[in-house]
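**Student:** There's a structure below that I have some questions on.
What follows draws every value from the coordinates through simple rules; no lab data is involved. This one's a predicted model, so the numbers in the text were calculated from it and none came from an experiment. Here the Cβ positions follow ideal geometry from the backbone for every residue, glycine too, while neighbour counts run over all protein chains shown.
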Amino acid sequence: MTSRFALTTAALLAGLGVALGAFGAHALRARLEPRDLEVFETGVRYQMYHAFALLAVAWLLSRNVPGAASAGWAFLAGTLLFSGSLYLMAIVGWRWLGPVTPLGGVAFLVGWVLLALSASKLEA
């Protein structure tokens, strides 16, 4: 993962998060059950958190900090698995994706640990 890729991906995920948040608030509110809307909103929230985490990864990568790329890949995988599975469960009703969501959560946790380890290597 390069700094450019991380920054571009962060911007795209954040922009998509805003669009999905608006879509959920306006188009889905009348179409989904309250519980499904809550699941969808959780996906959006975590997508946004980890778009910002990718911004931190991009910054570390721009400083050539070892290990930052691994954190970025973990955040991206977590977003796809965690948020993606929640979106599909809420909108399409694919409940069989339920076991995938925790895998995304684990990827997020791994990303945060790797980010902390990378940050500890940052020269002052």
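**Student:** Looking only at residues in region 114-124 that are among the aliphatic types (A, V, I, L, M) and within 17 Å of PHE52 (Cβ to Cβ), which one is surrounded by the most Cβ atoms within 10 Å (Cβ to Cβ)?
**Tutor:** Within region 114-124, the first condition is being among the aliphatic types (A, V, I, L, M), and the residues that meet it are 114-117, 119, 122, 124.
Now drop any that are not within 17 Å of PHE52 (Cβ to Cβ), which leaves 114-116, 119.
Values: LEU114: 20, LEU115: 23, ALA116: 11, ALA119: 15.
Filtering region 114-124 for residues that are among the aliphatic types (A, V, I, L, M) and within 17 Å of PHE52 (Cβ to Cβ), the one surrounded by the most Cβ atoms within 10 Å (Cβ to Cβ) comes out as LEU115.
**Student:** On to the next question. Which of the numbered conditions does PRO66 fail, given that it passes all the others? Conditions: (1) surrounded by 17 or more Cβ atoms within 10 Å (Cβ to Cβ); (2) under 27 Å from LEU114 (Cα atoms).
**Tutor:** (1)
**Student:** Can you go through ALA19, ALA107 and tell me which one is touching a residue at least 24 places away in the same chain (Cβ under 8 Å), under 24 Å from ARG4 (Cβ atoms) and either touching a Lys or Arg at 6+ places or on another chain (Cβ under 9 Å) or not hydroxyl-bearing (Ser, Thr, Tyr) (or both)?
**Tutor:** None of the other options fit; the residue is ALA107.
**Student:** Scan region 11-42 residue by residue and report those that are surrounded by fewer than 14 Cβ atoms within 10 Å (Cβ to Cβ) and either part of a loop (DSSP other than H, G, I, E, B) or in contact with a Ser or Thr (Cβ under 9 Å, 6 or more places away or on another chain) (or both).
**Tutor:** Matches in region 11-42: ARG29, ALA30, ARG31, GLU33.
**Student:** Could you list, in sequence order, all residues of region 76-104 that are farther than 19 Å from PHE52 by Cα, without any contact (Cβ under 8 Å) to a residue 60 or more places away in the chain and among the hydroxyl-bearing types (Ser, Thr, Tyr)?
**Tutor:** Across region 76-104, the qualifying residues are SER85, THR101.
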